[in-house]
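The values are calculated or read from the model by the stated rules, or taken from the named source; none is laboratory data. Note that the structure is predicted; figures quoted are calculated from it, not measured. Cβ coordinates were reconstructed from backbone atoms using ideal geometry, including for glycine residues, and neighbour counts include every protein chain displayed.
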Ligand code: PMP
């Protein structure tokens, strides 16, 4: 098996890791720990432009992680930068919101058929927690149904880790299996007359397992339960939002959520999250106390308006679909030329790459390391992301390097 490209101990990245070990528990927290990417990947970055990111060692990569989702137009898109810069120059943190808050809410309400209003936060975890609070406030009930293994944030009610979490934090959380109507029915039954919300991801994108699009039966069953019981259907569109459909990721299915959570791509990398909702939950939105010192800051909202303008004008989801399809076809074809079977699951714009017979993604890891050495930044366990700077020429350049990465595997098989 191929080993990772050597990490020069004198490199800027290695030195920063060493310093971080002294003053940051474990060297880094959360999903930005070095363990979240294959060994040999850089941990620290200094810049990005278009489809490329630059690490602190000065190496540049064609980027297929897009900062784990936020970069949807390409790094430092000029229109977004200009909009954010104008507000930063005027003042970022004021005694109240800027006009951008109203402009952005108007924009989201116009784009999303299910949305009558919007509220803003900073992170996806804030948005999803706000959705749960609104659902409970609007229904007067407690039980929240989530799919087993789905990620909704890093806060006690839904964190994938139970370290530091009490049983009481999860007391009203019930589970079902994504796309499994019978298991959803059973969980609804278990919730009885205390069902506040069914929370669903845009599609099944749990770490390291084949991604699944929602079946129409599953989506309709979730909607029907919520209609029958007057509970909230909450769509977690934090990861997929604006890449599949600007009207919401379930719009093509014809199933409307009551509440949707967004973050990641909404402002092309500026920190922002949003909850959109229907009039059914407007009253709850007036009553709950959800807030944060930085939730009103203007630059990220200006960036979001600019991001959505570009996506709308250029029909972003269609372009992203085409780019993702080109990438997927090239990758699968490249694998086959070198005797490998690779599948890409999920929508083409957010593909999870897996080698056949490689459940722990070890061969996938070796392949990613070879691609990285050739200037392409991929991921072997998490879904990747496309952005609008992935032009045909950029994708073809990446595919050429990827072809060499397959060749460098030299016929290695899953361990
Ligand atoms: N929901 C989903 C589907 C996500 O992918 C994420 C982030 N990976 C979150 C919620 C939480 O978002 P954040 O990291 O911004 O808190």
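Among the residues of region 195-211, those that are away from the ligand (no atom under 13 Å from the Cβ) and either at pLDDT below 95 or within 20 Å of residue 158 (Cβ to Cβ) (or both) comprise 195, 196, 197, 198, 208, 209. The residues of region 75-102 that are over 23 Å from residue 49 (Cα atoms), out of contact with any strand residue (DSSP E or B) (no Cβ under 8 Å at 6 or more places or on another chain) and assigned to a helix (DSSP H, G or I), listed by number, are 90, 99, 100, 102. Across region 230-270, the qualifying residues are those that are surrounded by fewer than 24 Cβ atoms within 10 Å (Cβ to Cβ) and on the phi > 0 side of the Ramachandran plot, and the one among them that is nearest to the ligand (Cβ to nearest atom) is 254. The set of residues from region 103-133 being more than 16 Å from the ligand (Cβ to nearest atom) and either part of a loop (DSSP other than H, G, I, E, B) or closer than 22 Å to residue 293 by Cα (or both) comprises 103, 104, 105, 112, 113, 114, 115, 116, 117, 118. Taking the listed residues 318, 306, 322, the one that is crowded, with 22+ Cβ neighbours inside 10 Å and under 22 Å from the mean Cα position of the chain (by Cα) is 306, with no other qualifying. Within region 133-160, residues that are in the same structural domain as residue 197 (by TED's automatic domain parsing) have Cβ atoms under 9 Å from residues that are assigned to a helix (DSSP H, G or I) and at pLDDT below 95 in these pairs: 154/30; 154/31, counting only partners at least 6 apart in sequence or on another chain. Within region 206-218, none of the residues are in contact with a strand residue (DSSP E or B) (Cβ under 8 Å, 6 or more places away or on another chain), under 21 Å from residue 133 (Cβ atoms) and surrounded by 18 or more Cβ atoms within 10 Å (Cβ to Cβ). Which members of region 134-151 meet the condition of being more than 17 Å from residue 231 (Cβ to Cβ) and within 12 Å of the ligand (Cβ to nearest atom)? Passing the criteria: 149, 150, 151.
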